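Working notes for the structure below.
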Amino acid sequence: MHPLSGIRVLDLSNVLAGPFCCHQLAHLGAEVIKVEVPGRGDLARQLGADQTLNHKFMGVSFLAQNAGKQSITLNLKNPKGAALLKKLVLSADVLVENFRPGVMERLKLGWDVLREINPRLIYCAISGFGQDGPWRDLPAYDQIIQGVSGVMSITGDSDTAPYRVGYPISDTIGGLTAAFAISAALQGRDSNSSTSEGGSFIDVSMLEATMATMGWVLSNWLIAGQHPSANGNENFTSAPSGTFLTADAPLNIAANKQEQWESLCRLLAREDLLRNSDFISRELRKKNRAALKLELEKTLKTRPAKDWAAELNRLGVPAGRVLDVPEVLEQPQISERGMIGAFADVPGAERDIQVMRTGIKLDGKAPAVKSPPPQLGEHNYEVYGALGLSTEEIDKLVKEKVL
């Protein structure tokens, strides 16, 4: 259930890509210590739809991916703060940061410095464009990456593209990429445990991580010379494959195989379409997809989406209703598989909260953290006390704004 048990991670990151990476690691059993700016912490503490929580520095955006972590505060610009980070690095396995390239070097806390302190440290730097290249120093948020990666150019349709994906997909992909890279680096380091070294520097570019997930789109251009286009809800690889209108709600149907196409036509009592010269082959159906969609919707509009989905799936034709977020969260497929974690009367939030876990099941169970998202600096005395600092010394560092 917890394959990363015994691994200590220092999470110096903010908002989403880095915290989401460490969210995965925490659920897999790692001890994650979130290192935050004194006084304000992670910007995500002030972000989210609930203004009351934002004012408490427990914003929904923070709660979403920080359960199971410890929180300490530390001013890295202060020499005493930098010295404390170095002490923390001595016992750490992983450090994750998503500052702009060069920030940690200017603080004299970059990879070259920290590897001398702990040669087995896995240092992961997440940035918009990577640690080198002509775009290295450009500021980047998720929407910027969505735009320059080509994602927006193929999202929407001919009337609406370029269009932003409805959630921070590049931040999230960057975080996931970092999490699996760290896991791989830990395995590589520990398989070489006979040496005193084995640490590594991981450079995660959100741009490259996003583009790596666009394989078919990019390869159609690189290999076949086909310029990517925005196809809306239509699957460009096949037809009929997309979103169709029914009597009450949109329905996704993916009749990608010949036998699925035939089953669909028979269910709709539209065997005539099987003989129609415009739809006789896969390529012709793709070419004439607009006309084909109109023909299919003549029958699909006579019954609710739920009924069609049940019958199509029974025949082996993939189909599913288009659900909104509250609807999918109510489905037993989600609620009964441990995807949602619950914490009662969370300190700082002063209420019960529910958060999403990971998309992983290990031996049939969803990995889960035991503690809720922490208050800012909640673990200062615990973590710094373990370094040998007395309560009086910690109090003094707080007054000096080091912590």
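The values are calculated or read from the model by the stated rules, or taken from the named source; none is laboratory data. What you are looking at is a predicted structure, and each value in this text was computed from that prediction instead of being measured. Methodologically, a virtual Cβ is constructed for each residue, glycine included, from the backbone with ideal geometry; neighbour enumeration extends over all protein chains shown.
In segment 116-163, how many residues are out of contact with any strand residue (DSSP E or B) (no Cβ under 7 Å at 6 or more places or on another chain), of a type in the set (S, T, N, Q), closer than 29 Å to residue 10 by Cα and in a loop (DSSP other than H, G, I, E, B)?
1
Is there a residue being modelled with pLDDT of 95 or more, part of a strand (DSSP E or B) and in the same structural domain as residue 306 (by TED's automatic domain parsing) anywhere in segment 254-269?
For segment 254-269, residues modelled with pLDDT of 95 or more, part of a strand (DSSP E or B) and in the same structural domain as residue 306 (by TED's automatic domain parsing): present.
Among the numbered criteria (1) loosely packed, with under 14 Cβ neighbours inside 10 Å; (2) closer than 25 Å to residue 304 by Cβ; (3) β-branched (Val, Ile, Thr), which single criterion is violated by residue 253?
All conditions are met except number (1).
When you check residue 209 against the structure, is it within 15 Å of the chain's Cα centre (by Cα) and under 18 Å from residue 7 (Cβ atoms), yes or no? Please lay out each step first, then the result.
Working: within 15 Å of the chain's Cα centre (by Cα): yes; under 18 Å from residue 7 (Cβ atoms): no.
Criteria not met by residue 209.
For segment 175-198, check the following and say yes or no: at least one residue is modelled with pLDDT of 95 or more, assigned to a loop (DSSP other than H, G, I, E, B), in the same structural domain as residue 26 (by TED's automatic domain parsing) and in contact with a helix residue (DSSP H, G or I) (Cβ under 8 Å, 6 or more places away or on another chain).
Checking segment 175-198: not a single residue is modelled with pLDDT of 95 or more, assigned to a loop (DSSP other than H, G, I, E, B), in the same structural domain as residue 26 (by TED's automatic domain parsing) and in contact with a helix residue (DSSP H, G or I) (Cβ under 8 Å, 6 or more places away or on another chain).
May I ask you to list the residues in segment 201-219 that are surrounded by fewer than 17 Cβ atoms within 10 Å (Cβ to Cβ) and over 26 Å from residue 125 (Cα atoms)?
Passing the criteria: 216, 219.
Please state which one of 284, 296 is over 17 Å from residue 270 (Cα atoms), surrounded by 15 or more Cβ atoms within 10 Å (Cβ to Cβ) and either at pLDDT 95 or above or not assigned by TED's automatic domain parsing to the domain that holds residue 271 (or both).
284
Does residue 340 satisfy being touching a strand residue (DSSP E or B) at 6+ places or on another chain (Cβ under 9 Å), under 30 Å from residue 261 (Cα atoms) and without any contact (Cβ under 8 Å) to a residue 24 or more places away in the chain?
Judged against the criteria, residue 340 is not a match.
Can you find, within segment 166-200, the residue that is farthest from residue 358 (Cα to Cα) among those that are within 16 Å of the chain's Cα centre (by Cα) and surrounded by fewer than 16 Cβ atoms within 10 Å (Cβ to Cβ)?
166
Where residues in segment 83-111 are assigned to a helix (DSSP H, G or I) and in contact (Cβ under 8 Å) with a residue 24 or more places away in the chain, which of them is surrounded by the fewest Cβ atoms within 10 Å (Cβ to Cβ)?
90
Please go through segment 180-217 and give me each residue that is under 22 Å from residue 256 (Cα atoms) and touching a residue at least 60 places away in the same chain (Cβ under 8 Å), ordered by number.
The first filter runs over segment 180-217 and keeps only residues under 22 Å from residue 256 (Cα atoms), leaving 213-217.
Of everything in segment 180-217, those that are under 22 Å from residue 256 (Cα atoms) and touching a residue at least 60 places away in the same chain (Cβ under 8 Å) turn out to be 214, 217.
Looking at 323, 284 in this structure, which one is assigned to a loop (DSSP other than H, G, I, E, B) and without any contact (Cβ under 8 Å) to a residue 24 or more places away in the chain?
Sole residue among the options that is assigned to a loop (DSSP other than H, G, I, E, B) and without any contact (Cβ under 8 Å) to a residue 24 or more places away in the chain: 323.
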